[in-house]
1. Expressed as a whole percentage, what fraction of the accessible surface of region 203-313 belongs to carbon and sulfur atoms when a 1.4 Å probe is rolled over the protein heavy atoms?
2. Taking a threshold of 20 Å on the Cα-Cα distance, which of the pairs K145/K167; K100/K247; K97/K252; K228/K252; K106/K155 fall above it?
3. What nm distance separates the two modelled labels at S271 and D238, each placed 7 Å from Cα along Cα→Cβ?
4. With a 1.4 Å probe and all protein chains kept in place, how much accessible area does T326 have, in Å² rounded to the nearest 10?
5. What shape does region 135-240 have by the C-alpha gyration tensor, where a ≥ b ≥ c are the square roots of the eigenvalues, rounded means a/c under 1.5, and otherwise prolate means a/b greater than b/c and oblate the rest?
6. Can you give the FRET efficiency to the nearest 0.05 for I124 and I383, using r as the Cβ-Cβ distance and R₀ = 30 Å?
7. Using 17 Å as the cut-off for backbone N distance, which residues of region 48-81 belong to the label zone defined by a point 7 Å from the Cα of V290 along Cα→Cβ?
8. Write out the GluC sites (Glu not before Pro) in region 44-141 meeting two conditions: DSSP loop, and at most 14 other Cβ atoms within 10 Å of their Cβ.
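The values are calculated or read from the model by the stated rules, or taken from the named source; none is laboratory data. Because the structure is predicted, anything quoted here is derived from the model rather than measured. Reconstructed Cβ throughout: ideal geometry from the backbone, glycine too, with neighbour counts over all protein chains shown. To get the accessible areas, we keep the full protein, side chains included, count just its heavy atoms, and leave off ligands, DNA and RNA. Shrake-Rupley method; radii C 1.70, N 1.55, O 1.52, S 1.80 Å.
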Amino acid sequence: MIILKQNLKINQLFTKAERLISSRNLRPKKKEGFLKIISIFSFLGIMLGVSILIIVMSVMNGFKTDLTNKILGLNPHVVIEPNSFEISDDYILNLKKNFKNISLSKSYSGEGIIISSDSAKGVILKGVDKTERNTVNFFENFISKGSLDNFNSNKVFIGSELAFNLKLKEGDSLSLMSSAFVATPLGSLPKQENFRVAGIFNTGFVEFDQNIIFLNIEDALSIFDKEKKDQNIEIFLDNPLNANSYKKKIEKINQNFFVYTWSDLNRSLFSALKVERNVMFIILTLIVIVAAFNIISGLTILIKNKTKEIAILKTLGLSNKSIKKTFFLTGFTIGFFATLSGVILGLIFSINIEKIRIFLSSVFNFEIFPSDIYFLDELPSEINFYSILIIFMISLIISAIASYLPALRISRMSTFRALRYE
């Protein structure tokens, strides 16, 4: 039905004579073989430009979504910090009353140092309640060694990268030093306590696995010399993308507390991804523009070669406007079918990108997108039909402009001069 409507519109825009002349222009004579080569290069250039643009945008969209899901799986969606004020039970009840579909848990985090044998490293110490549903879900998904049942007082969970670097395993002893100071006969010294490794987790995020240590919230408050009123409230949402909306509503309930979201913590990362995506879009669009120059070249040569035929058509009563439309339709037809082919090719590659990666890796014996560098188990791809529509429209607009510019010469062509020596 849509194709029929499009055909009707084309029939209304272009007369039968205009379509006939245009179709003949698309089939150059044997002596015009160079024009055929230019047309083929124009078609291939636009097709490859559009397909590469769709493939790259799909992979970048997939990478962003995969990265977002990993970040959302590791971090709370909204965090409320006391900010020197106490978070009362009444405030927590008020939150639960106002927001039915949220999950709350208490935590406390701070910077510290892990000391094991002759090694030491700066880390983030995060105290959690092992009975909270969010904590249970996290460890169920990411524990590689040990058990949550062993996560008792003076026990910690460490990341796989940290365990590898410090040569730690389940049951080993270690010391944690916090940024809190305690008074001693020798002066103020950082508070230090001994712990045992209850287990090891592996999220696949190297930065997370080598910098985070989980301990019971009571131990965290103790090592940082804090009280229960200093605990943070972590909120998990059904739809984490609505975190900023919840943040504004929570701030209105009590402005004394400091509220931030997962996107606030990762703003620079996602800003960099957005900038990179936009730059890639602009650069790859230039491929389509360069290919469109072939349409301009081809039509310019075609018009030059068809000078006698154009003059004859004018003497037969065909208007300048109609002749311009025929050459415009010639170039636009190449651009349209090249764009359509590029979209189809781009979709096929985007859908099968992981299979293609595996095939290329096996053929060339070279690992493409290694997981330990890009944090990817497989090459992600997410097809966004809105982006494809934009790419399709931009390519058509470029093709239309490239087809229209050479056709302008026809209005300046003199019929008398064209036929003078015929």
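1. Result for region 203-313: 57 percent of the exposed heavy-atom area is carbon or sulfur.
2. Working: K145/K167 14 Å; K100/K247 15 Å; K97/K252 15 Å; K228/K252 24 Å; K106/K155 18 Å.
Table pairs above 20 Å Cα-Cα are K228/K252.
3. Each label point is offset 7 Å from its Cα along the Cβ direction, giving 3.3 nm.
4. Using a 1.4 Å probe on the heavy atoms, I get roughly 0 Å².
5. Working: a/c = 2.01, a/b = 1.32, b/c = 1.52.
Oblate, because a/c is 1.5 or more while a/b does not exceed b/c.
6. Values: r = 37 Å, r/R0 = 1.22.
Result of the calculation: an efficiency of 0.25.
7. Once the point is set 7 Å along Cα→Cβ of V290, 48-54, 56 turn out to lie under 17 Å by backbone N, inside region 48-81.
8. Details: sites: E86, E111, E132, E140; in loops: E86, E132.
Sites meeting the loop and neighbour criteria: E86.
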